[in-house]
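I have placed the structure first, in the form of structure tokens, so that the comments after it can refer back to it.
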Amino acid sequence: MMRCHVCLPDSHVLEIEVDQKATGQQCLDKVCEQLRILEVDYLGLRFCGNKQEQLWLNLRNRLDQQVSGHQPYRFHLRLKFCVQPHSIQQDITRHLYYKQVWQDLKAGQLVLKGQEDRVAKLAALVAQAEFGDQTGNRYQMDIYHDILATLGQGQGHCTTDSLLQAVVEEHQALLDMSGVAAEYRLLQAMAQLPYFGFEFHEVRSAIGDKILFGVGPEGLLLRNMVDNTEENLTYPSIHMATHREREVYLQLIDDCGEQLPPVGYKLVSRKAAVALYRCITEMHSFYRCDTVSNDVSNQFCRDLKGTLVSIFNENSDLGKRYIFDIRRTSREAYDYARRKLYSMSQSTQSLATSQCHGSMQSMDIDRDNNTLSCASPHCMELKERLDSLEDSLLCCICLSRLVATVLCPCGHLTCSVCAQKISECPLCRTEVERRQKMYIPNFPPSPKHTTHPHGQGGGGDEDSVGEML
């Protein structure tokens, strides 16, 4: 077995054990099974390569062929495809989405530059989701400072008083909003920001300039870190994306429909180049296509041994490694999760109906006593436990009244009538030094334990349940 440690967006770590020949999908399925997540298509497992590259685990290939080093293997569970919040149907998936956004803000991966008018609202939503309603104490002002610092709006006293006051007013307007609703509202606000949902890679241009290469739902963003210029490329303007060794090549189409010469971008390793090539193709398929094409789903490569075997047997799977692991587009993923949730709800209702029907069949009506008796093992066990509890609350002397007095110092119980007639405990023979009243709230006596008016003890008023309560 292989041990894997999977870090969640809220910093919790799950330990997963999978078979030696398990694929990445089996590892992800075990994580989602523990978290009870059905929307698997949005998620992925990210790990760090030998040169600190951020790589996505290919879910269709074997785990041990992609990671190296000693066990346990460490992965991060993240949303690989950041969809609109209303497209997420499970609360747990939405909560992980929120935690990921919050962690990205802390790490500086999401920048709110140019969005200062929204900062106060975002900070108030974070405060409501993390800490609840506004209290107005000094400690909460420190919380506002920390949140604004995380959002890149200054540290400590550098935060302006006007911005703090705006956060206070926005947070006050969110009174009584639940944490789940605040998380949803925050995701909605963040989804409106430019470049939200982009995955960024560090590349070098042909002349050696450092470029931040972003891949998003609508296209590509190339931000030159030397002269701070940006270039936006939509998917329709890209004719082809290819990779060779450590380089990724883009072939664009100009306004006249002519194909331009390919432009190459160099990355730190071959694995990083493959990761960028995968990201471009999978993002385009997920967000822009109606279904995943066969050219994408069937594309694979082979190692040397697999290549030699394929000369004699083209259908051999030896050494085959798939390039892409995307199975569904955004529309297909939403419909798949919705049908699965509906199927589970129908199964739950059917199970509850059958259990209720079975319980009703196992119940017999006692016509003479006008009561119901249940013949199921669970009901019989509950009945025995209830009878045992009632018997334990009867006075050990008269066996007819409920206990109401504690004998000190031994602590044994009797009814109040019998307690006045004894000088030592009937159970342990300890001398009674004093008697302490006790109260049993909301425990009416069973009909079989009700004392007859002329029975033992005389049925005094001080022993009635009403007196005890």
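The values are calculated or read from the model by the stated rules, or taken from the named source; none is laboratory data. Nothing here was measured: the structure is a model prediction, and the numbers come from that model. FYI the Cβ positions are ideal-geometry reconstructions off the backbone, even for glycines, and counts take in every protein chain you see. Side chains included, ligands, DNA and RNA excluded: accessible areas come from the protein's heavy atoms. Shrake-Rupley method; radii C 1.70, N 1.55, O 1.52, S 1.80 Å.
Listing for the model above:
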| read-out | value |
| --- | --- |
| For segment 217-228, Karplus couplings with θ = phi - 60° (6.51, -1.76, 1.60), whole Hz, Gly/Pro x | x, 9, x, 10, 10, 10, 10, 6, 7, 7, 9, 6 |
| Beta bridges by DSSP in the chain, antiparallel share as percent, to the nearest 5 | 95 |
| Gained length - residue 433 relative to residue 200, 0.36 nm times residue gap less alpha-carbon distance | 76.0 nm |
| Cα gyration tensor of segment 62-108 - equivalent ellipsoid semi-axes, whole Å, descending | 27, 15, 9 |
| Cα-only Debye scattering, segment 378-436: base-10 log of I(q)/I(0) at q = 0.13, 0.15, 0.19 Å⁻¹ | -0.37, -0.46, -0.64 |
| Against the rule of thumb 2.2 N^0.38 Å, how large the Cα Rg of segment 210-299 comes out | 1.09 |
| Per-selection metrics, the chain (Cα): Rg and Dmax in Å | 34.2, 110 |
| Square roots of five times the Cα gyration tensor eigenvalues for segment 148-219, Å | 34, 20, 8 |
| Angle in degrees between helix 161-172 and the longest Cα principal axis of the chain, rounded to the nearest 10 | 50 |
| Lysines whose Cα lies under 18 Å from that of residue 30, excluding same-chain neighbours fewer than 8 positions away | 21, 80, 340 |
| Size descriptor, Kirkwood hydrodynamic radius, that averages inverse alpha-carbon separations across segment 1-96, Å | 13.7 |
| Cβ-placed point charges (K, R +1; D, E -1), dipole of segment 1-103 about Cα centre in debye, nearest 20 | 260 |
| Fraction of accessible area attributable to carbon and sulfur, the chain (%, probe 1.4 Å) | 50 |
| Additional length obtainable on full extension of the chain from residue 165 to residue 254, 0.36 nm per residue less Cα span | 27.1 nm |
| Difference of contour (0.36 nm per residue) and Cα-Cα distance, residue 268 to residue 191 | 24.7 nm |
| R0 of 41 Å, Cβ-Cβ distance residue 424-residue 138: FRET efficiency to nearest 0.05 | 0.10 |
| All aspartates and glutamates inside 16 Å of residue 210 as judged from Cα atoms, apart from same-chain residues fewer than 8 positions distant | 53, 202, 227, 230, 231, 247 |
| Net charge dipole size for segment 89-198 [Lys, Arg +1 and Asp, Glu -1 on Cβ; Debye, nearest 20] | 300 |
| Mean ellipticity per residue at 222 nm, deg cm²/dmol - from DSSP H runs of n ≥ 4 across the chain, formula -39500 (n - 2.57) | -11500 deg cm²/dmol |
| Dipole of the chain, positive direction: furthest Cα of 13, 128, 293, with charges on the beta-carbon | 293 |
